[in-house]
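Step one of this worksheet: look at the structure below.
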Amino acid sequence: MTPETVARDLREAVGAAAPRLEALSEEDASRPLAPGKWSPKEVIGHLIDSVSHNHQRFVRARFVDHLEFVGYEQDRWVAEQRYGSVPWTELITLWRLYNLHLARVIEGTPPGVGESPRMRHNLDQIAWKPVPRDRPATLLYFMDDYVGHLKHHLKQVLG
């Protein structure tokens, strides 16, 4: 795994999902996926929050020797931003373009930075697939974890 392969995987996931998301009607995008669950609009809103948080994390990690970052209260953030009332096409556009930007950020990770093991991290709390705190973690792992998280949520919406 390299920054280039992670970036390519992200671009491919976004490219494959965007037209399928665009095919959903406003009504279908507003309907919860199941009782008590988010709607597709809220899931994509959550993914917008995820790209926003991780954009900052991936850039900051280039300048420090750790991977410790502020967490994210997902339900509260999704509710506060009222993603359910945003036009579906706007959400998809923001999500798509921000992820394409993040792919460029990932791809531009300086040699050695992504692979460098970091003993100080909180990926046991903030990663989709946690890394135990007593084991080293890498920025490249965290970037790949981001793409896995994105694909997981796209599968919830698109099947």
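The values are calculated or read from the model by the stated rules, or taken from the named source; none is laboratory data. Bear in mind that the values here come from a model prediction, so they are computed numbers and not experimental data. Glycine gets a Cβ as well: all are built from the backbone with ideal geometry, and neighbour counts include every protein chain shown.
Values for this structure:
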{"quantity": "Subset of segment 111-122 (residues that are crowded, with 17+ Cβ neighbours inside 10 Å and touching a helix residue (DSSP H, G or I) at 6+ places or on another chain (Cβ under 6 Å))", "calculated": "Gly114"}
{"quantity": "Every residue from segment 32-59 that is surrounded by fewer than 14 Cβ atoms within 10 Å (Cβ to Cβ) and either under 29 Å from Arg118 (Cα atoms) or at pLDDT 95 or above (or both)", "calculated": "Gln56, Val59"}
{"quantity": "Identity of the residue in segment 96-108, within 13 Å of the chain's Cα centre (by Cα) and touching a residue at least 60 places away in the same chain (Cβ under 8 Å), that ends up surrounded by the most Cβ atoms within 10 Å (Cβ to Cβ)", "calculated": "Ile106"}
{"quantity": "Pair list, Cβ < 7 Å and 6+ apart or interchain, from segment 124-135 residues that are within 18 Å of Phe58 (Cβ to Cβ) to residues that are in a loop (DSSP other than H, G, I, E, B) and not hydroxyl-bearing (Ser, Thr, Tyr)", "calculated": "Gln125/Gly71; Ile126/Phe69; Ile126/Gly71"}
{"quantity": "Any hit, segment 98-118, residues being modelled with pLDDT under 95 and at positive phi", "calculated": "yes"}
{"quantity": "Scope segment 136-153; condition touching a residue at least 60 places away in the same chain (Cβ under 8 Å), within 28 Å of Leu33 (Cα to Cα) and buried (at least 20 other Cβ atoms within 10 Å of the Cβ); matching residues", "calculated": "Phe142, Met143, Asp144, Tyr146, Val147, Leu150"}
{"quantity": "Residues that are in a helix (DSSP H, G or I) and surrounded by 14 or more Cβ atoms within 10 Å (Cβ to Cβ), drawn from segment 11-31", "calculated": "Arg11, Ala13, Val14, Ala17, Ala18, Leu21, Ala29, Ser30"}
{"quantity": "Index of the failed condition, Ser30 passing every other in (1) in contact with a Ser or Thr (Cβ under 9 Å, 6 or more places away or on another chain); (2) of a type in the set (Gly, Ala, Ser); (3) within 24 Å of Arg135 (Cα to Cα)", "calculated": "(3)"}
{"quantity": "Residue check, Glu22 charged (D, E, K, R) and either farther than 20 Å from Lys155 by Cβ or in contact with a Phe, Trp or Tyr (Cβ under 7 Å, 6 or more places away or on another chain) (or both)", "calculated": "no"}
{"quantity": "Flag for Phe69 being in contact with a Lys or Arg (Cβ under 9 Å, 6 or more places away or on another chain), of a type in the set (Phe, Trp, Tyr) and closer than 30 Å to Ser116 by Cα", "calculated": "yes"}
